[in-house]
Amino acid sequence: MARIVRKKPFIRKRPCQFCLSKQPVTYVDYKNEEVLSKLVNLQGKILSSRITGTCAKHQRAVALAIKRARFVAILPYIGTVKREKKVETVKEEAKKVESVQSENN
């Protein structure tokens, strides 16, 4: 009986978001939380280049930037779960302050 060999379907690789920009990125800034948070999953792990589509050169720079951002406490080590609670408590405190100020006026 002959063995049937099936070809894998061609899946287009995602282009690197840093190479495609109008001004190619030479340095991935660790202070840019918006970009770095997209490259980290909910558990706080760095996403692989297969998933994000970054090239090898920029993946190394992204990993270094994420590690620096964690060290300076811009990004959490363990994910966004604890951080969301902190943001909620800050918003609740702001509402309390506003209500107290409106009562005083």
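For this structure, a couple of remarks:
- Residue in region 19-58 that is surrounded by the fewest Cβ atoms within 10 Å (Cβ to Cβ), counting only those that are under 16 Å from the mean Cα position of the chain (by Cα) and of a type in the set (S, T, N, Q): Gln43
- Residue satisfying condition, being among the hydroxyl-bearing types (Ser, Thr, Tyr) and at pLDDT 80 or above, within set Thr89, Thr80, Thr54: Thr54
The values are calculated or read from the model by the stated rules, or taken from the named source; none is laboratory data. Predicted model, so just to flag it, every value in this text is computed and none were measured. Every residue, glycine as well, gets a Cβ built from its backbone with ideal geometry; the counts of neighbours run over all protein chains shown.
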